[in-house]
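J.: Below are the structure tokens for one structure; questions will follow.
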Amino acid sequence: MLSKILRRLLLSALLLVALFEAAGWLIFKFPIDPPRTLVLKNDIPGCAKDVKLVFDRRQTRRFSLTDPKQQGTVRIFCLGGWATLAMNQNDPDTWWGRLQSALIAKGLKVEFAARGAERSSLADNVALTTPIIESLRPDIIIVNAGFDDALVHPLDYQYNPAAVAARLTPQPPALRDHLVRFSQSVRFKRWWSTRREMGLAQNTIGRTDALRTSITNAQAAIARLPVVDGVPRTPPNDPLSEYLDALKALDALAARTGASLILSGEPSLLGEFTSLSDAEHLVGYVSASIQGTRADRPARPLPTWVLTEMNRFAAATQSHADANRIPWIDLNGLVPRDTDHFVTDVMLTDAGAAKMAEFLLPIVEPVVRSIPTR
């Protein structure tokens, strides 16, 4: 008797799931990537006070992206660091939003998506964005890097080619990915989970001046760190080797997805400061071993060392770009190094984003025009 009841309950549950699946596909189809929206209110000089951020589940901002892509449109994907993440800016105020506006003003039909990450090496960023790029199939990939690779690696960094290659090797889609693609029940569960998650985030990050407070606290904490002249970067334990591996992985990714690649050096406030107060806006640090302290204690390198490292990575990028005929521009120093254009050493104000887009436009426009629209 009990087994008969259990069988009927199981069949009833399966029937309910089947009915939900059918209704989902026919009437209430749930999106694969339910949007995640945050509304921020921050009084950050040089930025809008009300900022609305819309991400997908992989923290990609799909500014003006259509699904499927409209005929005759060039799809552009941007990957980078803080300036690309742009938590302090609405989509149209970011450098990639302004770049789209400038290209449209020239009569070009383009759409943008952007994925930025803070304190991530280029190798980690490429690993994170590879499945996104393979899914979106952009026509152009714009890379903005250089600052994090100079700073994110610790003093005792060990270059391991096999480990880097493993991180950069695309993983096959998991069972969960297939379920999300085909099951409305799984999509509904993720939609509901996303709604709850973003409600919690809104209550935390969305509070008035939460982002500004977070930046101010980070600047104060980093200002108290011990200062080091620099961090030795000598072969074979030089993160530049990992960076070059990431560039080669980007070449392969672009070739595999049929995209054109554009490389750009990250702009930064670091350099010859216009005033001593500008140095208070720095948030860069390294995990360095200081005599008499724990081995993993962070330290603050001199801005001159960071600038030298960024120039070293930029020179290597230029060599790679020249050898592979990839468009390249180093934006570091082109965007004015002052607090009218930077919130932190790499987070841009609206004016800084506009200036960055201005310098990128003549590099990006010819590539857009060369793409056969389809």
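Values quoted throughout were computed directly from the atomic coordinates according to the rules given, and no laboratory measurement underlies them. From a predicted model like this one, the values you see are computed outputs, not experimental measurements. Positions of Cβ are backbone-derived with ideal geometry, glycine not excepted, and every protein chain shown enters the neighbour counts.
J.: Rounding to the nearest 20 debye, state how big the charge dipole of the chain is about its Cα centre with +1 on each Lys and Arg Cβ and -1 on each Asp and Glu Cβ.
T.: 2240 debye
J.: Over the alpha-carbon set of the chain, divide Rg by the Kirkwood Rh and report the Rg/Rh ratio to two decimals.
T.: 1.02
J.: Could I ask something else about it? Can you compute the FRET efficiency between THR37 and ARG119 using 1/(1 + (r/R0)^6), with r the Cβ-Cβ distance and R0 = 22 Å? Round to the nearest 0.05.
T.: Step by step, r from the Cβ atoms, then E = 0.35.
J.: Something else now. When the chain is fully extended, how far beyond the present Cα-Cα distance does LEU26 get from ASP229, taking 0.36 nm per residue of separation?
T.: Here the segment from LEU26 to ASP229 would lengthen by 66.7 nm.
J.: Which loop-located trypsin sites (Lys or Arg not before Pro) does segment 209-257 contain, where loop means any DSSP state but H, G, I, E or B and the Cβ has at most 12 other Cβ atoms within 10 Å?
T.: Listed in order of number, the matching sites are ARG224.
J.: Using only Cα atoms, tell me the angle between helix 239-257 and the longest principal axis of the chain; keep it within 0 to 90° and round to the nearest 10.
T.: 40 degrees
J.: Along the positive direction of the dipole of the chain (beta-carbon charges: Lys, Arg +1; Asp, Glu -1; about the Cα centre), which of VAL143, THR129, GLY81 reaches farthest?
T.: Sorting the options by dipole projection puts first THR129.
J.: Grab the Cα-Cα distance for ILE363 and SER193, subtract it from 0.36 nm times how many residues apart they are, and report the gain in nm with one decimal.
T.: Taking 0.36 nm per residue and subtracting the Cα distance, the gain is 57.1 nm.
J.: Still on this model: Could you order the peptides 200-208, 338-346 from most to least packed, using the average number of other C-beta atoms within 10 Å per residue?
T.: Taking the mean over residues of other Cβ atoms within 10 Å, the ranking is 338-346, 200-208.
J.: With a Förster radius of 56 Å, plug the Cβ-Cβ distance of THR208 and LEU10 into 1/(1 + (r/R0)^6) and report the FRET value to the nearest 0.05.
T.: About 0.65, to the nearest 0.05.
J.: Also, I was wondering about something else. Among TRP305, TRP82, rank each residue by its count of other Cβ atoms within 10 Å, from fewest to most, as a rough exposure measure.
T.: Listed from fewest to most nearby Cβ atoms, that is TRP305, TRP82.
J.: Taking 8 Å as the Cα distance limit and 6 or more residues as the minimum spacing, I'd like the relative contact order of segment 31-370 as a percentage.
T.: For segment 31-370, the relative contact order is 23 percent.
J.: Let me ask another. Report the label-to-label distance for ALA255 and GLU134 in nanometres (one decimal), using points 7 Å from each Cα along the Cα→Cβ vector.
T.: Going by the 7 Å Cα→Cβ label model, 1.7 nm.
J.: Oh, and also: Angle, helix 210-223 long axis vs. longest principal axis of the chain, Cα atoms, 0 to 90°, nearest 10?
T.: 40 degrees
J.: LEU65's amide H: which non-local residues (gap 5+, or another chain) put their own amide H closer than 5 Å, with H modeled 1.01 Å from N in plane and none for Pro or chain starts?
T.: Counting only residues 5 or more places away or on other chains, the set is PHE112.
J.: Using a cut-off of 16 Å between alpha-carbon atoms, which lysines can reach LYS41, once sequence neighbours fewer than 8 places away in the same chain are excluded?
T.: Answer for LYS41, where 16 Å is the Cα cut-off: LYS49, LYS52, listed by chain and number.
J.: Given points 7 Å out from each Cα along the Cα-Cβ axis, report the LEU302 to LEU19 separation in nanometres with one decimal.
T.: In this crude label model, LEU302 to LEU19 measures out at 7.5 nm.
J.: So if R0 is 30 Å, what FRET efficiency would ASP338 and LYS52 give, r being the distance between their Cβ atoms, rounded to the nearest 0.05?
T.: Calculated value: 0.60.
J.: Let me ask another. Could you name the aspartates and glutamates whose alpha carbon sits less than 18 Å from that of LYS189, not counting residues in the same chain fewer than 8 places away?
T.: GLU21, ASP33, ASP56, ASP177, GLU197
J.: Report, to the nearest 10°, how far helix 95-105 tilts away from the longest principal axis of the Cα atoms in the chain, using its own Cα long axis and a range of 0 to 90°.
T.: Roughly 80 degrees between the two axes.
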